[in-house]
Amino acid sequence: MEGVVKINFDGVACSRSSTGGNGIIIKDHFRAILVAFHATVKDIVDPMTVETLATIKRLSLTKELGYTHIDLEEDALEVVNLLNSDKPDSSLMGNIFDEARAMKSKFNKCTITHVRREANLAAYAMAKRAMRSQDAHLWLDSFPSDVSICLVDCNHVI
């Protein structure tokens, strides 16, 4: 739908280094990349924590960039279910999920759906890139080739 951006995100964690990486891809309604982002997360070994923190980052980044109508796609079903739930969460990550759910309401339209891993390869590539680079980086044009190649592949996944 015109005016709606699709946001894929993913997180990876490495227990040996206690480091995680977040990857975010924002695409227009023609599936062209508008934004690619990755960031390293320190002192984290749990993939669920990395995915949850990625949710906060992608919502913040999306709002900062001025997008108001968003479709979020995530391959971690548990994260999708928790973000779509209106029940209070008493887990250790509950406060972060509460913050993410509150951030969702700041958009005119915000949906969160589960996708297969194959449909999220570009965001996964960005998360892995964060693990290698140990920093944060935002691309608004001239996107990394490994991400562009992944995007071509995942546009054909149904």
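The values are calculated or read from the model by the stated rules, or taken from the named source; none is laboratory data. Predicted model only: the values in this text are computed from it and were never measured. For neighbour counting, all protein chains shown are included, and Cβ atoms are generated from backbone atoms with ideal geometry for every residue, glycine included. Calculation scope for accessible area: heavy atoms of the full protein, side chains included, ligands and nucleic acids excluded. Shrake-Rupley method; radii C 1.70, N 1.55, O 1.52, S 1.80 Å.
Just name the residue that is surrounded by the fewest Cβ atoms within 10 Å (Cβ to Cβ) out of those in region 1-10 that are out of contact with any Ser or Thr (no Cβ under 8 Å at 6 or more places or on another chain) and assigned to a strand (DSSP E or B).
Of region 1-10, the ones out of contact with any Ser or Thr (no Cβ under 8 Å at 6 or more places or on another chain) are 1-4, 6, 8, 10.
Narrowing the set further to residues that are assigned to a strand (DSSP E or B) leaves 6, 8, 10.
On the way: K6: 19, N8: 26, D10: 29.
Among them, the one singled out is K6.
Restricted to region 105-126, and to residues that are buried (at least 18 other Cβ atoms within 10 Å of the Cβ) and of a type outside the set (A, V, I, L, M), which residue is modelled with the highest pLDDT?
C110
How do the pairs read when you match residues in region 76-93 that are within 17 Å of D46 (Cα to Cα) and hydrophobic (A, V, I, L, M, F, W, C) with residues anywhere that are part of a helix (DSSP H, G or I) and open to solvent by less than 30 Å² (accessible area, probe 1.4 Å), using Cβ under 7 Å and keeping only pairs 6 or more apart or on different chains?
Listed by first residue and then by second, the contacts come to A76/E51; V79/E51; V79/T52; V79/T55; L82/F97; M93/T49; M93/T52.
Read through the list (1) modelled with pLDDT of 85 or more; (2) over 17 Å from S133 (Cβ atoms), then give the number of the only condition that D46 fails.
All conditions are met except number (1).
Quick one: count up the residues across region 76-91 that are in contact with a His (Cβ under 7 Å, 6 or more places away or on another chain) and in a loop (DSSP other than H, G, I, E, B).
Let us first name the residues in region 76-91 that are in contact with a His (Cβ under 7 Å, 6 or more places away or on another chain), namely 77, 80.
Narrowing further to those that are in a loop (DSSP other than H, G, I, E, B): none.
Count: 0.
Is it the case, given these coordinates, that D75 is surrounded by fewer than 14 Cβ atoms within 10 Å (Cβ to Cβ) and of a type in the set (D, E)?
Spelling it out, it is not the case that D75 is surrounded by fewer than 14 Cβ atoms within 10 Å (Cβ to Cβ) and of a type in the set (D, E).
For every residue, the table says whether it meets (1) surrounded by fewer than 24 Cβ atoms within 10 Å (Cβ to Cβ); (2) over 11 Å from the mean Cα position of the chain (by Cα); (3) touching a residue at least 12 places away in the same chain (Cβ under 8 Å); (4) not in a strand (DSSP E or B).
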{"residue": "G21", "(1), (2), (3), (4)": "no, no, yes, no"}
{"residue": "I25", "(1), (2), (3), (4)": "no, no, yes, no"}
{"residue": "F30", "(1), (2), (3), (4)": "yes, yes, no, yes"}
{"residue": "L34", "(1), (2), (3), (4)": "yes, yes, yes, no"}
{"residue": "T40", "(1), (2), (3), (4)": "yes, yes, yes, no"}
{"residue": "L53", "(1), (2), (3), (4)": "yes, no, yes, yes"}
{"residue": "I56", "(1), (2), (3), (4)": "yes, no, yes, yes"}
{"residue": "L59", "(1), (2), (3), (4)": "no, no, yes, yes"}
{"residue": "K63", "(1), (2), (3), (4)": "yes, yes, yes, yes"}
